[in-house]
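Asker: Have a look at this one before I ask anything.
The values are calculated or read from the model by the stated rules, or taken from the named source; none is laboratory data. Quick caveat, the model's predicted, so the values are computed rather than measured. Backbone-built Cβ (ideal geometry, glycine too); neighbour counts: all protein chains shown. Areas reflect the complete protein model, heavy atoms only, side chains present, ligands, DNA and RNA absent. Shrake-Rupley method; radii C 1.70, N 1.55, O 1.52, S 1.80 Å.
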Amino acid sequence: MMRWLLYAALGYGALYAVIWLHELGHSILDHKFGCKDNWLQVQVKPYLFSSNPGPVDAARYWAMEPWKRAAAAYGGVGANLLWGLAAGGLLWAVRPEGEYLPLFLWLFMTLHLGEAVSYLFIGNIYLVSDMAIVAAECPRLRWPTLAAGAVLAGIYVLALWKTPEGFRTFVAAWNVCAMASMCGGRIAFSLRQK
């Protein structure tokens, strides 16, 4: 029982870090483009929903060129891809021993890939959140983004498959729950906005 509680704590910690780093990716570009003062300030609640890169100055945000709003929307996914790649590289290069550090790194890597897939692929099928911004600002990017998301979805499934057998089931189940929550939450939020 204690082992599963530790697994769940590591899973929550990894997911929180993934969402915080995603929002930080947006925040860095919002700051670079002049619509945010403190790039380190993001809003990620303990329950994880309604996370955002705020506070962003709305007047300055809407005064930006459309390509900058699209770039800032991609900022979160870019952060996910960079951190997921870094975690994968660390796993490959170091091959950490034990149970809990490898579990955390596999969760961290796969959840970053899952977050990116949830936006690039699923978020492009049903336009929500960041991908709705990209489609509105630069419509020609929708289909190439969807294609990149499909390729990334294959890599994501392969990463889940390559997870060490000792905790593969937990990592896969945690990812499925996280993916369903992320996508479902975004769709519910977008429907509530209409």
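Asker: What are the semi-axes of the equivalent ellipsoid of region 25-70, taken as the square roots of 5 times the eigenvalues of the Cα gyration tensor, listed largest first and rounded to whole Å?
Answerer: Gyration-tensor ellipsoid for region 25-70: 20, 10, 9 Å.
Asker: So for region 27-132, what percent of the C-alpha to C-alpha distances run longer than 16 Å?
Answerer: Value for region 27-132 (Cα pairs over 16 Å): 66 percent.
Asker: Using a Gaussian network model of the chain with C-alpha springs under 10 Å, which one of Phe108, Phe121, Phe49 is most mobile by mean-square fluctuation?
Answerer: Phe49
Asker: Within the chain, count lysine pairs with alpha carbon atoms under 26 angstrom apart where the residues are 8 or more positions apart or belong to different chains.
Answerer: 6
Asker: With runs of 4+ DSSP H residues as the only contributors, calculate the mean residue ellipticity of the chain at 222 nm using -39,500 (n - 2.57) per run, divided by the residue total and rounded to the nearest 500.
Answerer: -25000 deg cm²/dmol
Asker: Let me ask you something else. Could you list which residues have their amide H under 5 Å from that of Gln43, counting only those 5 or more apart in sequence or on another chain, with H placed in the peptide plane?
Answerer: Here the answer is Asn52, Gly54, since their amide H atoms fall under 5 Å of that of Gln43.
Asker: Net charge around Gly185, counting only other residues with Cβ within less than 14 Å of its Cβ (Lys, Arg = +1; Asp, Glu = -1)?
Answerer: +1
Asker: Now for a separate question. Using packing as a proxy for protection, rank 159-170, 124-135 so that the peptide with the highest average count of other Cβ atoms within 10 Å comes first.
Answerer: Per-residue Cβ counts within 10 Å, averaged per peptide and sorted highest first, yield 124-135, 159-170.
Asker: How large is ³J(HN,Hα), in whole Hz, for each residue of region 147-158 in order, when computed from phi with the Karplus curve 6.51 cos²θ - 1.76 cosθ + 1.60 and θ = phi - 60°, using x for Gly and Pro?
Answerer: 5, 4, x, 5, 5, 5, 4, x, 5, 4, 4, 4
Asker: Which value does Rg/Rh take for region 1-80 over its C-alpha atoms, Rh per Kirkwood?
Answerer: Ratio of gyration radius to Kirkwood radius for region 1-80: 1.12.
Asker: If you build the convex hull over the alpha carbons only and average its shadow over all orientations, what do you get for the chain? Give it in nm² to one decimal.
Answerer: 11.3 nm²
Asker: Heavy atoms only, probe 1.4 Å: what % of the accessible area of the chain goes to carbon and sulfur, would you let me know?
Answerer: Percent of accessible area from carbon and sulfur atoms in the chain: 71.
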